[in-house]
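Each remark here refers to the structure printed beneath this line.
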Amino acid sequence: MADKKFVELVIESPFILFKGFLMGFIEGSGEKPVYFFSKKTGIKTETLVESLKVWFGFETLVHVCIEKGFAEKLKKAIENTFDKLGMKVKSEKEIKSASFDFKVTFYHKKDAKKFEDIIHNLPDNVVLDEFNKEIDIDEEAEEEKGIYTAEHPYIYRAEGEIVGDFRGVVDVYLKMKELPHVDTEEVYLNFE
C-alpha cells in the first residue's frame, strides 16, 4: 500500500460526466486502481480564486487522487475523447505525503478505546504528531449515574496530527470520521 505513488488530477468536467467516464474506463480496463474524489473524501483542494470561479460557474473542476500508473492511461483516454466529451486534464501533481489535524472528545470509554485502537495501529509510513490527551474521571458523577446527570463521569480529550504516506493518512482519516465526537480538519496534500 505505502509503495504506490498517487497523483492529484484536476479535470475540467462536470462531476457526473467524469465519474461515469472513470467508472466505465476502470471497468473496461479490468484493473482496480485506488482513487479518491477529493471533495467526497475531505481532501483540501481549492484556492480562494479557484473556488470563486467554480462558485460563479466559470469552471467545473473535479479533483481526483489516483494511482500514478493508472493516471497515465486515464489521461490518454481523456485526451482521446476530448472532441466528444469536452473533458480535459488541467493539472497533475505527484503527491509526496498528506496530513490532517484532529480534536476528539469522548464521554464513553468504549468510544475512546476505538479511537486509541486507530492511533496505536497506524499504517506503515504514517505517524501521530503533536499528540496531547487528557482523561478526566469524576468518581462522584459515576455514582450519580442517571438520565439527568449534569456531569459526565468520563471525559477523554485529545488532539494531534496524522502525517505521512497519502494512502495511509486517508485511510486513518476515513476511520476517524466514522467515530462520534471527532472533529477533523481537511486532509492537506504535500506535492513533490
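The values are calculated or read from the model by the stated rules, or taken from the named source; none is laboratory data. The structure displayed is predicted, hence computed values, not measured ones. As a convention, Cβ positions derive from the backbone with ideal geometry for all residues, glycine included, and neighbour counts pool all protein chains shown.
So which residues in region 86-112 are over 22 Å from the mean Cα position of the chain (by Cα) and surrounded by fewer than 16 Cβ atoms within 10 Å (Cβ to Cβ), if there are any at all?
Scanning region 86-112 gives 86, 88, 107, 108, 109, 110.
Of the numbered conditions (1) among the acidic types (Asp, Glu); (2) out of contact with any Lys or Arg (no Cβ under 9 Å at 6 or more places or on another chain); (3) modelled with pLDDT under 95; (4) more than 30 Å from residue 160 (Cβ to Cβ), residue 3 satisfies every one except a single condition; which is it?
(4)
Looking at region 73-85, which of the residues that are loosely packed, with under 14 Cβ neighbours inside 10 Å and in contact with a strand residue (DSSP E or B) (Cβ under 9 Å, 6 or more places away or on another chain) is modelled with the lowest pLDDT?
Applying the filter and picking the extreme gives 82.
For residue 67, are the conditions met, namely being over 13 Å from residue 13 (Cα atoms) and touching an Asp or Glu at 6+ places or on another chain (Cβ under 7 Å)?
Values: over 13 Å from residue 13 (Cα atoms): yes; touching an Asp or Glu at 6+ places or on another chain (Cβ under 7 Å): no.
No; evaluated as a whole, the condition is false for this residue.
What are the residue pairs meeting all of these: first residue in region 113-133, first residue at positive phi and surrounded by 16 or more Cβ atoms within 10 Å (Cβ to Cβ), second residue in a helix (DSSP H, G or I) and of a type in the set (Asp, Glu), Cβ atoms under 7 Å, and 6 or more apart or on different chains?
none
Within region 94-127, can you find the residues that are closer than 20 Å to residue 191 by Cα and in contact with a strand residue (DSSP E or B) (Cβ under 7 Å, 6 or more places away or on another chain)?
Scanning region 94-127 gives 94, 95, 96, 97, 98, 99, 100, 101, 125, 126, 127.
Only residues in region 170-191 that are in contact (Cβ under 8 Å) with a residue 60 or more places away in the chain and in the same structural domain as residue 113 (by TED's automatic domain parsing) count as the first member; pair them with residues that are assigned to a helix (DSSP H, G or I) and of a type in the set (Lys, Arg), Cβ under 9 angstrom, at least 6 apart or cross-chain, and list the lot.
179/114; 184/177
I'd like the full set of residues that are among the aromatic types (Phe, Trp, Tyr) and part of a strand (DSSP E or B), limited to region 78-105.
Narrowing region 78-105 to residues among the aromatic types (Phe, Trp, Tyr): 82, 100, 102.
Of everything in region 78-105, those that are among the aromatic types (Phe, Trp, Tyr) and part of a strand (DSSP E or B) turn out to be 100, 102.
Run down 40, 19 and say which single residue is in a helix (DSSP H, G or I), under 22 Å from residue 170 (Cβ atoms) and at pLDDT below 95. Explain how you work it out, then say what you get.
Working: 19 fails: at pLDDT below 95.
Every option except 40 fails the conditions.
Looking at region 153-181 only, could you name the residues that are among the hydrophobic types (A, V, I, L, M, F, W, C) and either over 15 Å from residue 128 (Cβ atoms) or under 14 Å from the mean Cα position of the chain (by Cα) (or both)?
Our first condition is that a residue be among the hydrophobic types (A, V, I, L, M, F, W, C); within region 153-181, this holds for 155, 158, 162-163, 166, 169-170, 172, 174, 176, 179.
Selection gives 155, 162, 163, 166, 169, 170, 172, 174, 176, 179.
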